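Student: Below is a structure I'd like to ask you about.
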Amino acid sequence: MMTTLSQTKELFRRAEAVCFDVDSTVIKEEGIDELAKFCGVGDAVTEMTRKAMGGSMTFKKALTERLSIIRCSREQVNKLITDHPPQLTPGVRELVDRLHELNIKVFLISGGFRCIVEHVATQLNIPLNHVYANRLKFYFNGEYAGFDESQPTAESGGKGKVISMLKEQYGYETVVMIGDGATDLEACPPASAFIGFGGNVVRPQVKERSSWYVTSFGELLKELEKI
């Protein structure tokens, strides 16, 4: 059952936890596309990301295929983070700070990679045990060895699984999911409400199906002033 705009706003104001997608939401870019560009296979991977985000391919299949094209080494990943650190979306730092001040727990749930997402979490003072993302695997010599397929975020529907886990683990009643893509929208339910974010990229099917769709984090910050 879809919540109305006013219900969504109210759920956001009384949320115990807010979960953010990372790529194209908390940060301006898609981490996997940046990694592909950095490794010289940008175009092939961008096209596949588009298909995955549009929901025409299962997330795991898209992730497996994209990573088998990239085959990044540990050294390349570290160099990407050093040379091209992820760019925070304007307003996200202020929003997360305000949520923390209100004692609302903040989680990052990403289909991207933990090594990149942890870097983002550190910038936003989000505890690393509040990060759920995919883990890249490397051989001892640092070469690409695949990814950890047991992580919930490696599957379609994985973000919803994480939210169910959080509700069970912490006893949260009201959890709000914020994101730009189809995999974020799918997480509601079990999320109590979903807020679509179009500040970096607008995905029409997400916009159409969101009862509250924002293009800047300032709109969410303004809503918190009513608390």
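Student: Do we have residue 166 as of a type outside the set (Ser, Thr, Tyr), open to solvent by 10 Å² or more (accessible area, probe 1.4 Å) and closer than 26 Å to residue 89 by Cα here? Working first, answer last.
Tutor: Working: of a type outside the set (Ser, Thr, Tyr): yes; open to solvent by 10 Å² or more (accessible area, probe 1.4 Å): no; closer than 26 Å to residue 89 by Cα: yes.
So residue 166 fails the test.
Student: Separate question: Which of the residues belonging to the stretch 128-151 are exposed (fewer than 12 other Cβ atoms within 10 Å of the Cβ) and assigned to a loop (DSSP other than H, G, I, E, B)?
Tutor: 139, 140, 141, 150
Student: Could I ask something else about it? Only residues that are in contact with a Phe, Trp or Tyr (Cβ under 6 Å, 6 or more places away or on another chain), outside any helix (DSSP H, G or I) and open to solvent by less than 10 Å² (accessible area, probe 1.4 Å): list them for the stretch 1-43, please.
Tutor: 17, 19, 25, 26, listed by residue number.
Student: On to the next question. Please verify whether residue 156 is of a type in the set (S, T, N, Q), over 11 Å from the mean Cα position of the chain (by Cα) and surrounded by fewer than 21 Cβ atoms within 10 Å (Cβ to Cβ), treating the condition exactly as stated.
Tutor: Details: of a type in the set (S, T, N, Q): yes; over 11 Å from the mean Cα position of the chain (by Cα): yes; surrounded by fewer than 21 Cβ atoms within 10 Å (Cβ to Cβ): yes.
Against the criterion (of a type in the set (S, T, N, Q), over 11 Å from the mean Cα position of the chain (by Cα) and surrounded by fewer than 21 Cβ atoms within 10 Å (Cβ to Cβ)), residue 156 qualifies.
Student: Among (1) of a type in the set (A, V, I, L, M); (2) surrounded by 15 or more Cβ atoms within 10 Å (Cβ to Cβ); (3) assigned by the TED database to the domain that holds residue 201, there is one condition residue 102 misses while meeting the rest; what is its number?
Tutor: Of the numbered conditions (1) of a type in the set (A, V, I, L, M); (2) surrounded by 15 or more Cβ atoms within 10 Å (Cβ to Cβ); (3) assigned by the TED database to the domain that holds residue 201, the odd one out for residue 102 is (2).
Student: Related question: Would you mind telling me which numbered condition in (1) in contact with a Leu (Cβ under 8 Å, 6 or more places away or on another chain); (2) open to solvent by 60 Å² or more (accessible area, probe 1.4 Å); (3) β-branched (Val, Ile, Thr) residue 82 fails?
Tutor: (1)
Student: One residue is enough: does the stretch 202-211 have a residue meeting the conditions among the β-branched types (Val, Ile, Thr) and open to solvent by less than 50 Å² (accessible area, probe 1.4 Å)? First the steps, then the outcome.
Tutor: Here is the first cut: in the stretch 202-211, the residues among the β-branched types (Val, Ile, Thr) are 202, 206.
With open to solvent by less than 50 Å² (accessible area, probe 1.4 Å) added as a condition, the list becomes 206.
Within the stretch 202-211, one or more residues are among the β-branched types (Val, Ile, Thr) and open to solvent by less than 50 Å² (accessible area, probe 1.4 Å).
The values are calculated or read from the model by the stated rules, or taken from the named source; none is laboratory data. Model, not experiment: these values are computed from the prediction. As a convention, Cβ positions derive from the backbone with ideal geometry for all residues, glycine included, and neighbour counts pool all protein chains shown. In case anyone asks, the SASA skips ligands and DNA or RNA and just uses the protein heavy atoms, side chains included. Shrake-Rupley method; radii C 1.70, N 1.55, O 1.52, S 1.80 Å.
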